[in-house]
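Below: one structure, written as structure tokens.
Only the coordinates and a few stated rules stand behind these numbers; no lab work does. Being a predicted model, the structure only gives us computed values, none of them experimental. Ideal geometry is used to build each Cβ from the backbone, glycine not excepted, and the neighbour counts take in all protein chains shown.
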Amino acid sequence: MGMTVRDTTMLYLSQMMGKPVVDTQGEKIGTISDLAISTGEVFPRITSLAFQGPGKVPFMISWRKYVDTFDEDGITLNAEAHDIRFSYLQPDEVLLARDLLNRQIVDTQGLKVVRVNDLKLSVSGSQLRLLGAEVGVRGILRGLASWLERAVVAVAKVFGKKIDEQIIAWNYMDLLDRDLSEVQLSVTHKRLDELHPADVADILEQLDPQQRANVFQHLDDAQATEAISEMDDEYQADFIEDLDDARAAGLLGDMDPDDAADIVRDLSYEKAETLLRLMGVEDATEIRRLLGYKDGTAGGMMTTQFVSVHATDTVGEVIEVLRELPEDHPTVHYVYVLDEYDEFEGVLSLRTLVLTDDAKPVGDVMYEDVISVPPDETEEDVAADIFKYELPAMPVVDEHNMLLGIVTVDDAWDAIEEDVSGDKTKATALKVVGIVLASLLFLGLYTLVLLQVIGYTGR
């Protein structure tokens, strides 16, 4: 007997869950508990039906072999109960309710993490196929009750608002973890490498540690290093703590020393020492040196990656030094000039280098009246000076006029953002009361309108 469908083209998993399963004689043999798909297809067909029989005993049968008709009211089989042979979930099958519903999806297009609130199914010929995941509010409402979804949509329409479905098609998803007990979805992890590191960081911050680790596995070391650098401070250390020691040490070693030191400073002592011992000697030495400066000071926020030359070097020699820098070297704002005793003397802009004759000693064309700060200067004052004098970078020198490092404008921005975030915390606390009161007022209004829409008269 061929499968038929009763006048419907779209169905939702929430509509079908709990609906009756009847045999060819019309006898109810159970209620729908889940649907299985084969993950190897672009828009996978439903391959198995899971239902609960009497006493909530679970059963599974072949969809293709036994399902005759189906709609939101239930499923009718093409055989009598005693003729049905039960089956088992296959390795390439995933259960929609158990494995996908309420799971998180990394939406790389919207740069956010969303939740699967419902699953949209489409009728394709005689097959029922998975179209995609509903990640919007309508899926939540529909899961509670179909009438509630309709009522809220109607209320929104009264106010001139339209609540659209938010469907992420299955062909834009990919399973990150094939362990069926912990299936994660991404839209799609293959596109993560196309995103800016700051966008990847935003996504990672929204995931729980296990999910974050799953996504992270699909980034190469360069992408991973950049993403970690772009994360908020509160996430960086926790993330490194959870990583394998060898990879964590490698990633920290690839980072700018000042960024790595900031993270190491927030790690547990045992973890920090383990990672520093696993790093290259040069990287570990630089990081340890920076750790010697107090957090919140110029020394604590400076980087040791800068270009220094001697005053007797020629412009041509300095240009050769710049040409030989590795590709991953941080942006060079200035070249810093030292005297014969390695004391700090002045700076050279790239513009000056380009416009000056190659044979000229840099000591003759350097700028000597340079604003610098000691390593114990507060980061707030350093940031203020950088923006006051519009500097791309500021040198940090000790009492002996030795150049210790530089504070870049990026580091200054980070310091300011932290201060602003701290001030906003107080404002946020004050706003909470207002938000709660506004929410209560809206709820009251919404209830009145909803009762009106559904025709409640109070009698």
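Can you work out the PRE-style zone for Glu27? Point 7 Å along Cα to Cβ, and I want the residues of segment 82-96 with backbone N under 16 Å. Answer for this model: 82-86. Placing unit charges on each Cβ (+1 for Lys and Arg, -1 for Asp and Glu) gives segment 10-99 a dipole about its Cα centre, and among Asn78, Thr39, Thr24 the Cα reaching farthest toward its positive end belongs to Thr39. Subtracting the Cα-Cα distance of Arg265 and Arg103 from their residue separation scaled by 0.36 nm leaves 54.9 nm. With q set to 0.10 Å⁻¹, the log10 of I(q)/I(0) for segment 300-412, from the Debye formula over equal scatterers at the Cα positions, is -0.28. Highest mean first, the peptides 266-275, 298-307, 64-73 sorted by other C-beta atoms within 10 Å per residue fall in the order 298-307, 64-73, 266-275. Each Lys and Arg adds +1 at its Cβ and each Asp and Glu adds -1 at its Cβ; summed about the Cα centre, segment 300-412 shows a dipole of about 420 debye. Set the bar at 24 Å for Cα to Cα. Now go through Lys19/Lys162; Lys28/Lys56; Lys120/Lys162; Lys19/Lys56; Lys28/Lys65 and name every pair that lies beyond it. Table pairs above 24 Å Cα-Cα are Lys19/Lys162. Arranged from fewest to most other beta-carbon atoms within 10 Å of their beta carbon, Val135, Val407, Val94 become Val94, Val135, Val407. For the peptides 16-28, 279-291, the ranking by packing is 279-291, 16-28, with the highest mean count of neighbouring Cβ atoms within 10 Å listed first.
Please report, in debye to the nearest 20, how large the charge dipole of segment 10-99 is about its Cα centre when each Lys and Arg carries +1 at its beta carbon and each Asp and Glu carries -1 there.
Details: 8 positive and 13 negative charges, 36 e Å.
I would put it at about 180 debye.
Gain on full extension, evaluated as 0.36 nm per residue between Ala384 and Glu282 minus their Cα-Cα distance, stands at 33.5 nm. Ranking Gln305, Leu325, Thr352 by Cα position along the charge dipole of segment 305-354, where only Lys, Arg, Asp and Glu carry charges on their C-beta atoms, puts Thr352 farthest toward the positive end. Sequence-distant contacts, meaning Cα pairs under 8 Å at least 6 residues apart, place the relative contact order of segment 300-412 at 31 percent.
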